[in-house]
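Step one of this worksheet: look at the structure below.
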Amino acid sequence: MQRKQPNFSADFAPADDPVARMAAIWLARRDRGLSTAEAEEFGQWEGADPRHAAEFARLKAAWQFFDRAKAIPELAELARRIEAGNHPSRSRRILLTWGGAMAAAAVVLLVAWIARRNPLPSDAVKPAVTADYQVVPNAARQLRLADGSVVELHGDSEVRADFTPVERRVRLLRGEAHFVVTKNPDRPFIVAVESMAVRAVGTAFNVNFGSAAIEVLVTEGKVQVEEAAGSRQEPSAVSLVVAGQRAIIAREAAGSPAKVAVDSLTPAEIEQTLAWKNTWFVFDRTPLEEAVEAFNRHSVQRIVVGDALLRGRRLGGRFRADNVEGFVRMVELSVGVRAEHRGENQIVLLPAAR
C-alpha cells in the first residue's frame, strides 16, 4: 500500500499553536546551550502553565529520536536536505546554524508532526539508559507554636516567639519564614522584623528578611504591614496586603520612614517564591508507572494506571509533589490518557478516546 504523502502546509497544525511553537523555540535554544538569563526565563515559561511543560516534553521526546527515526521516509528525506551529506552526528549543529533558532524550531515541530503520524517500531524507541527521576527535597524546617500556628523556616533562618495573654508575637531574627496562623481574634498574631510589624488574625503569609528589603507575601487571607509600636514618634501608615499580593519594604537608614510598595503576583511567581517549601519531582523520559508511584508516596490522593499498555509511556517535566492535579493534567495533554475521578481520593488513568 502506497504511503500517502503529507500535505505539510495544510496539515501541519502544531505550527499554528503558540504553545507548541514556543516549546519548539525553547528546545532549539536549549540544544545549543542556554545562558543564565535564558535558563531563568525558560523556567518561568515552563512553570507558568502545565501545558507548557507537557508540550516541551512531547517535542523533546520526538527530537531525541531524530537520528533513529530516519527509517521513516519523510524524515530520511528531511535529514538528507538539512544535513547535505548525511552526517548524523552533525544534525543538531547544522539545524541550529540553518537560519537560527526559528528555523530549528520549525524543524523540531515538523519532526514531532511526522513522528506522531508514523510511530516508530518498539525496538527503535528504547532509551539508551534506564529512565529514572529525581526527587528534590524541600529546604524547610517546621515548628509548631503553642497556639497551634505553624512556622516553616528556610535554611538557617531563626525566629523567637513571645506569647502573652493579649497577643502572639514572633520576631524573625534572620532569613525567611512562612506562617500559617491559627485564628484567634482576641489575640492578634504579629511578626516583627526590625522596625516593621506584620499583623494577622488567621491567615498564611511569607516573610523574607533580605539585606536590602523585607518582603511579605500573603498566600491566604490578609495582613496589615506597619512600623512597630515605639519605633517612631509619629503614627505610621498602615498597608493592607491581601492574598496574592506582596509588600516590599525597603530597609532605609535608622529614623527614616518605612516605604512600603504593594504589588500583585501571578500564581507562577508565587510558586517560584515559595519553591523552597516544596518537594519536587523532576522526570526525564520516566515511565508513567514510576511517576505515578512517586506521587502516590507523597499524597493521600491515589493515582491508578488503569490499563497495562499505559505503564511504559514516558514523560518529562518538573512538578511539586503535592500538585497531583497539575501532574494529571499534564499527562492528559502529553501521553494520550484521560483521567477519571473515582471517590474523593482516587484518580484512574485510562487510554484517551480515539
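The set of residues in the range 149-172 that are loosely packed, with under 15 Cβ neighbours inside 10 Å and within 30 Å of the chain's Cα centre (by Cα) comprises Val150, Gly155, Asp156, Glu158. Quick one: would you say Asp263 is part of a strand (DSSP E or B), modelled with pLDDT of 85 or more and not aliphatic (A, V, I, L, M)? Here the answer is yes, as Asp263 does meet what is asked. From the list Ala254, Ala237, Ala197, the lone residue that is more than 31 Å from the chain's Cα centre (by Cα), within 15 Å of Val170 (Cβ to Cβ) and either in a strand (DSSP E or B) or modelled with pLDDT under 95 (or both) is Ala197.
Being surrounded by 14 or more Cβ atoms within 10 Å (Cβ to Cβ), among the acidic types (Asp, Glu) and within 13 Å of the chain's Cα centre (by Cα): is that true of Glu290 here? In short, no. Annotation note: of Val218, Val191, the sole residue that is assigned to a strand (DSSP E or B), modelled with pLDDT of 95 or more, surrounded by 14 or more Cβ atoms within 10 Å (Cβ to Cβ) and out of contact with any Leu (no Cβ under 8 Å at 6 or more places or on another chain) is Val218. Listed by position, the strands (runs of 3 or more DSSP E) enclosed by the range 279-354 that each have at least 1 residues that are in contact with a strand residue (DSSP E or B) (Cβ under 7 Å, 6 or more places away or on another chain), within 24 Å of Val19 (Cα to Cα) and in contact (Cβ under 8 Å) with a residue 12 or more places away in the chain are 280-287, 314-320, 337-342, 346-351.
The values are calculated or read from the model by the stated rules, or taken from the named source; none is laboratory data. Because the structure is predicted, anything quoted here is derived from the model rather than measured. Backbone-built Cβ (ideal geometry, glycine too); neighbour counts: all protein chains shown.
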